[in-house]
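Worksheet for the structure shown next.
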There are 2 protein chains.
Amino acid sequence: MTARRPTIDDVARLSGVARTTVSRVLNDGPNVRDEVRARVMEAVRALDYKVNPQARSLAGGGSRLLGLVFASDLESEPNSFYHSALELGALRGCLELGYQLVTRHIPLQSADREQQVYDLIATQRCEGLIFTPPYSDDAGLIAEVLRRGCKVVSISPGGAGRGLADGVGMDDEAGGYDIARRLIELGHRRFAFMGGIEGHLSADRRLDGLMRALSEAGLGDADLIQVRGDFTFRSGVELTPRLLDDPLHPTALVCANDDMAAGALSVVHGRGVKVPQDLSVTGFDDTPVSAIVWPPLTTVHQPLKDMGRRAVALLASRLTGGRAEAEPEFDCLDHAVVERGTAASAP
Amino acid sequence: MTARRPTIDDVARLSGVARTTVSRVLNDGPNVRDEVRARVMEAVRALDYKVNPQARSLAGGGSRLLGLVFASDLESEPNSFYHSALELGALRGCLELGYQLVTRHIPLQSADREQQVYDLIATQRCEGLIFTPPYSDDAGLIAEVLRRGCKVVSISPGGAGRGLADGVGMDDEAGGYDIARRLIELGHRRFAFMGGIEGHLSADRRLDGLMRALSEAGLGDADLIQVRGDFTFRSGVELTPRLLDDPLHPTALVCANDDMAAGALSVVHGRGVKVPQDLSVTGFDDTPVSAIVWPPLTTVHQPLKDMGRRAVALLASRLTGGRAEAEPEFDCLDHAVVERGTAASAP
DNA sequence: TCGTGAATTGGAAGCGCTTCCAACAAAGGC
DNA sequence: GCCTTTGTTGGAAGCGCTTCCAATTCACGA
């Protein structure tokens, strides 16, 4: 039982065509009769054949190098889960598909940030770049990168990034809707929303979803107060008092990410308010933070690892597949409300 | 400027030897004169040559597959930073070195857990396995895996795992010592320690370091109270009251990981105790948790990503390098006390 | 001096794949 | 009906490396 893995030649032999033809089928190449294509795919299935990414990349030429670009400053967020999870997913994808990955943190404040991106293409020879927010909405940058022949995938693009290049993300509006819907089911009628920084589109869409759920339930602006934080625990701490002291007396506090929700929770505890009996609090993203607060946070799961992996897959299909010049595509991954301990019936 | 990367043939040409000989030098092979070896290395440096991992793995044969084994149950910790960081590092290493990685979570409670590990070797054809705690101290398992011809690296082995196979980790004893030392410098004399589950060797060593620092400062058992948690936020919450109410009235609380420290912090806030003015609290590991509590946690940085990467490098050197049959080696990475906001002068 | 074995080096095949180019077949154009 | 065009398929080279095996060199004892 040597159990050698089948090679492309095995597939060729079984389906009675040349190796070249199999390769063509595998890479979505043109000029293959449907009948032949089907026969080859059949053989692939029968043998459970998987291409050897090492061999493919050796033969294929090109740098096979992708870049993952973050806007954050590593100094200030050395161990962020958001970055880790996205990179983890991207790396998994690269390993599967035979690509290399370089990860670059380019702070928004860098004067030469655009140049740093172009260097990734010119010097490092990246064939594709993955942009995270807010780069993923920088239309000028994306257009220029594309013009230089480098493929692009935007992570969670909100507006501008959407039509320019491929994208992956979740449906933020639906996520906001779902969590609000759940709270409404639990009887809540007075809401507070803690948003993110101005211009962070995907967070804004979470609010849109919340509003839609409210209006469906016959509620309106008068039943919601909102503030903007900056996604940090700290800002959650600072903004929560304003919400608690508002004459509206909200019974549910929806936060645009987990960190702010954790901050809110700590303030709420300090005031002797019981969660979830007196107040429901929800987060967004389902990072490990949601497990280390008490009670554990009810939140919306954002599939970061899958997003990283899908981003690589999209880039790969642009680079070798038949999608080289296809229309930009948005890959919307499933989210889910994760019920833990911070949301309950309205008091 | 085509800037094609130099190949092994370029090196061979420049150093005036055959390609074969270069390969031999690169792989620490035997039977190369020192003079020739030096000449080749010189050429490598001159050309800034880097082996192409894809080509190497293609030619080298073998599965080039490594396995990363966790003991945790994915259901209960779907998004742990510990796992993500370790896997992230391992993936980076794999990409550099041309290996593939499979990650497997095998709960300790599984009746057939050993069988699942052996399947990784027999069915998946892993050539090397990375064991995380507590598998990294399971001498029987490690010995059997080695007997089957599969290489092993233990992450943070405490005792049994240490001499059997290669290992990577940090010096937990020194980490415990350093943080305690810092607190002593700040004038603290009465300590509390929140440890981990029985048998988790690396956490126990953190306590050893703490004790050493205490005794160096002329303090002893009477100046320390300790409890055992299970590394969760929850256990931090539950155990802290016992510590605060102890007649010793500790002024510094050292926790064996960040999650428990976060739990402690939340209880402490609730009681109106000021951190760090009234009480200093420290964590361990420097996970993202340390940034989302308030004040941000002073902790000891554990280089998880580097550990993952080094584990892969060790495996690679066993598999292709000259270390095939060498004595087990322990790769001890640097830790560092990260001063944030929860440690200050004793009241 | 010659033979022998060990140490050292080189030649060449081939890992699994892509891709260039040639070959061939079918389909139109005159 | 013949030539060109277009579509489809196969042959073969070669990506950068490892490794088997043969060739060469060297040291040493007979």
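The values are calculated or read from the model by the stated rules, or taken from the named source; none is laboratory data. Note that this is a predicted model, so its numbers are computed, not measured. Cβ coordinates were reconstructed from backbone atoms using ideal geometry, including for glycine residues, and neighbour counts include every protein chain displayed.
Tabulated data
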{"item": "A:His269 within 12 Å of another protein chain (Cβ to nearest Cβ), surrounded by fewer than 21 Cβ atoms within 10 Å (Cβ to Cβ) and touching a strand residue (DSSP E or B) at 6+ places or on another chain (Cβ under 9 Å)", "result": "no"}
{"item": "Which numbered condition B:Gly60 fails, given (1) at pLDDT 90 or above; (2) more than 9 Å from chain A (Cβ to nearest Cβ)", "result": "(1)"}
{"item": "Residues being over 15 Å from A:Ile8 (Cβ atoms) and within 12 Å of DNA strand D (Cβ to nearest atom) - total across segment A:54-68", "result": "4"}
{"item": "Where a residue in segment B:25-54 is over 27 Å from A:Pro53 (Cα atoms) and not assigned by TED's automatic domain parsing to the domain that holds B:Ala12 and its partner, wherever it lies, is more than 9 Å from DNA strand C (Cβ to nearest atom) and at pLDDT 85 or above, with Cβ under 7 Å and at least six apart", "result": "none"}
{"item": "Residues of segment A:280-307 classified as polar (S, T, N, Q), within 9 Å of chain B (Cβ to nearest Cβ) and closer than 19 Å to B:Val237 by Cβ, total", "result": "1"}
{"item": "Residue that is at pLDDT 90 or above, more than 16 Å from DNA strand C (Cβ to nearest atom) and among the basic types (Lys, Arg), where the choices are A:Arg19, A:Arg104", "result": "A:Arg104"}
{"item": "Condition met for A:Val268 (more than 16 Å from A:Phe191 (Cα to Cα) and part of a helix (DSSP H, G or I))", "result": "no"}
{"item": "Count of residues meeting criterion [near DNA strand C (Cβ under 8 Å from one of its atoms) and within 14 Å of chain A (Cβ to nearest Cβ)] in segment B:1-16", "result": "0"}
{"item": "One residue from B:Gln54, B:Gln100 being within 14 Å of chain A (Cβ to nearest Cβ), of a type outside the set (Gly, Ala, Ser) and farther than 24 Å from B:Val168 by Cα", "result": "B:Gln54"}
{"item": "Residue in segment B:292-304 that is surrounded by 24 or more Cβ atoms within 10 Å (Cβ to Cβ), among the hydrophobic types (A, V, I, L, M, F, W, C) and in a helix (DSSP H, G or I) present", "result": "yes"}
{"item": "Residue check for A:Leu95: more than 11 Å from DNA strand D (Cβ to nearest atom) and at pLDDT 90 or above", "result": "no"}
{"item": "Failed item, numbered, when B:Arg4 is tested on (1) farther than 25 Å from B:Gly149 by Cβ; (2) modelled with pLDDT of 80 or more; (3) not in a helix (DSSP H, G or I)", "result": "(2)"}
{"item": "Per-region count, segment B:192-229, residues within 14 Å of chain A (Cβ to nearest Cβ) and at pLDDT 95 or above", "result": "0"}
{"item": "Test: residue in segment A:64-79 that is within 13 Å of DNA strand C (Cβ to nearest atom), in contact with a Ser or Thr (Cβ under 9 Å, 6 or more places away or on another chain) and closer than 19 Å to A:Val153 by Cα", "result": "yes"}
{"item": "Condition met for A:Gly149 (closer than 19 Å to A:Glu327 by Cα, modelled with pLDDT under 95 and more than 18 Å from the chain's Cα centre (by Cα))", "result": "yes"}
{"item": "Unmet criterion (only one of (1) in the same structural domain as B:Arg206 (by TED's automatic domain parsing); (2) touching a residue at least 40 places away in the same chain (Cβ under 8 Å); (3) farther than 20 Å from B:Gly229 by Cα; (4) aliphatic (A, V, I, L, M)) for B:Ala316", "result": "(1)"}
{"item": "Condition check for A:Val51: away from DNA strand C (no atom under 11 Å from the Cβ), modelled with pLDDT under 90 and touching a helix residue (DSSP H, G or I) at 6+ places or on another chain (Cβ under 8 Å)", "result": "no"}
{"item": "Among (1) within 16 Å of DNA strand C (Cβ to nearest atom); (2) buried (at least 16 other Cβ atoms within 10 Å of the Cβ), the one test that B:Arg92 misses", "result": "(1)"}
{"item": "Residue among A:Thr251, A:Thr232 that alone is within 14 Å of chain B (Cβ to nearest Cβ) and β-branched (Val, Ile, Thr)", "result": "A:Thr232"}
{"item": "All positions within segment B:11-53 that are crowded, with 16+ Cβ neighbours inside 10 Å, part of a loop (DSSP other than H, G, I, E, B) and more than 8 Å from DNA strand D (Cβ to nearest atom)", "result": "B:Val17, B:Val32"}
{"item": "Subset of segment B:185-234 (residues that are in contact (Cβ under 8 Å) with a residue 40 or more places away in the chain, of a type in the set (A, V, I, L, M) and either in a loop (DSSP other than H, G, I, E, B) or farther than 18 Å from B:Cys255 by Cβ (or both))", "result": "B:Leu186"}
{"item": "Criterion (more than 10 Å from chain A (Cβ to nearest Cβ), over 30 Å from B:Thr103 (Cβ atoms) and either of a type in the set (Phe, Trp, Tyr) or within 15 Å of DNA strand C (Cβ to nearest atom) (or both)) met by exactly one of B:Asn31, B:Asn27", "result": "B:Asn31"}
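This table checks each residue for (1) modelled with pLDDT of 95 or more; (2) aliphatic (A, V, I, L, M); (3) touching a Leu at 6+ places or on another chain (Cβ under 8 Å).
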site: A:Ser235; (1), (2), (3): no, no, no
site: A:Thr251; (1), (2), (3): yes, no, yes
site: A:Cys255; (1), (2), (3): yes, no, no
site: A:Leu265; (1), (2), (3): no, yes, yes
site: A:Val268; (1), (2), (3): no, yes, yes
site: A:Gly272; (1), (2), (3): no, no, no
site: A:Val275; (1), (2), (3): no, yes, yes
site: A:Gly283; (1), (2), (3): yes, no, yes
